[in-house]
Amino acid sequence: MLTELGAHAYGIRRPTELAHLDGLVIPGGESTTMDKLVRAFDLYDPLRALIAEGLPVYGSCAGMIMLADRIAEPRPGQQTLGGLDVTVRRNAFGRQVDSFEEDLDFAGVDGGPVRAVFIRAPWVEEAGDGVQVLARAAGRIVAVRQGPLLATSFHPEVTGDTRVHELFVDIIKDGS
Ligand code: GLN
């Protein structure tokens, strides 16, 4: 999606690969595993420092959980990178079989509703004053922005619609 938008995208697995980043995407997956891996690969402190310095970061699904300051009823010992002043609830819409798709109005994205794919998705249970709510599904907050941090409960990368990633690329460009 990012390459299609003209960005130079590459994977980050080690601290040495964090140099010269303009922005970071934390994708979906499994946040408990990501939490263990960022610490095992010594990425926890450098990523927290970059977020504190204002690096634009987009987190989708498990990535949203990694960006959240707080998790409602977390797995024992589960930590997040934090940065976003929100409380998220993991697997909030139900189990894998309860995955669903929905067209959402998304503030800041023009051209009609965004098709959102939710896969064992979290929702934002509580958001601080500095957090802008961009979209809701079933009355729940599923997309937020706080300055250079963007997060969605759903997976825009699976639909072929580049508009959410475009919003993130614009956030990076605005800050540079
Ligand atoms: N349920 C996963 C978690 O808690 C997130 C699922 C996803 O990223 N699609 O980390």
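The values are calculated or read from the model by the stated rules, or taken from the named source; none is laboratory data. A quick note: this is a predicted structure, and the numbers were derived from the prediction, not measured. FYI the Cβ positions are ideal-geometry reconstructions off the backbone, even for glycines, and counts take in every protein chain you see.
Odds and ends about this structure:
- Residue match in the stretch 19-27 (condition: over 12 Å from the mean Cα position of the chain (by Cα) and over 19 Å from LEU150 (Cβ atoms)): yes
- Qualifying positions in the stretch 150-164 - within 11 Å of the ligand (Cβ to nearest atom) and buried (at least 24 other Cβ atoms within 10 Å of the Cβ): THR152, SER153, PHE154
Listed here are the residues, each with its yes/no results for (1) surrounded by 14 or more Cβ atoms within 10 Å (Cβ to Cβ); (2) touching a strand residue (DSSP E or B) at 6+ places or on another chain (Cβ under 8 Å); (3) modelled with pLDDT under 95; (4) not hydrophobic (A, V, I, L, M, F, W, C).
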{"position": "LEU43", "(1), (2), (3), (4)": "yes, no, no, no"}
{"position": "ALA52", "(1), (2), (3), (4)": "no, no, no, no"}
{"position": "GLY63", "(1), (2), (3), (4)": "yes, yes, no, yes"}
{"position": "PRO76", "(1), (2), (3), (4)": "no, no, yes, yes"}
{"position": "GLY82", "(1), (2), (3), (4)": "yes, yes, no, yes"}
{"position": "VAL114", "(1), (2), (3), (4)": "yes, yes, no, no"}
{"position": "VAL117", "(1), (2), (3), (4)": "yes, yes, no, no"}
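- The single condition among (1) closer than 20 Å to ALA7 by Cβ; (2) within 14 Å of the chain's Cα centre (by Cα) that GLY175 does not satisfy is (2).
- Among the residues of the stretch 83-135, those that are touching a helix residue (DSSP H, G or I) at 6+ places or on another chain (Cβ under 6 Å) and aliphatic (A, V, I, L, M) comprise LEU84, VAL88, VAL109, VAL117.
- When ASP85, ASP69 are checked against the criterion of being of a type in the set (D, E, K, R) and in contact (Cβ under 8 Å) with a residue 60 or more places away in the chain, a single residue qualifies: ASP85.
- Hits in the stretch 40-64 - residues which are in contact (Cβ under 8 Å) with a residue 40 or more places away in the chain and more than 12 Å from the ligand (Cβ to nearest atom): ILE51, GLY54, LEU55, PRO56, VAL57, TYR58
- Candidate set from the stretch 83-132 (those that are of a type in the set (Gly, Ala, Ser) and away from the ligand (no atom under 15 Å from the Cβ)); member that is nearest to LYS36 (Cα to Cα): GLY83
- Single match in LEU67, LEU21 (criterion: closer than 27 Å to VAL158 by Cα and more than 14 Å from the ligand (Cβ to nearest atom)): LEU21
- Of all residues in the stretch 121-145, those satisfying the criterion of being out of contact with any Cys (no Cβ under 8 Å at 6 or more places or on another chain) and either crowded, with 19+ Cβ neighbours inside 10 Å or among the hydroxyl-bearing types (Ser, Thr, Tyr) (or both) are TRP123, VAL124, VAL131, LEU134, ALA135, ALA137, ILE141, VAL142, ALA143, VAL144, ARG145.
- Criterion (part of a helix (DSSP H, G or I), modelled with pLDDT of 95 or more and either under 26 Å from ILE71 (Cα atoms) or of a type outside the set (D, E, K, R) (or both)) met by exactly one of PHE154, PHE168: PHE168
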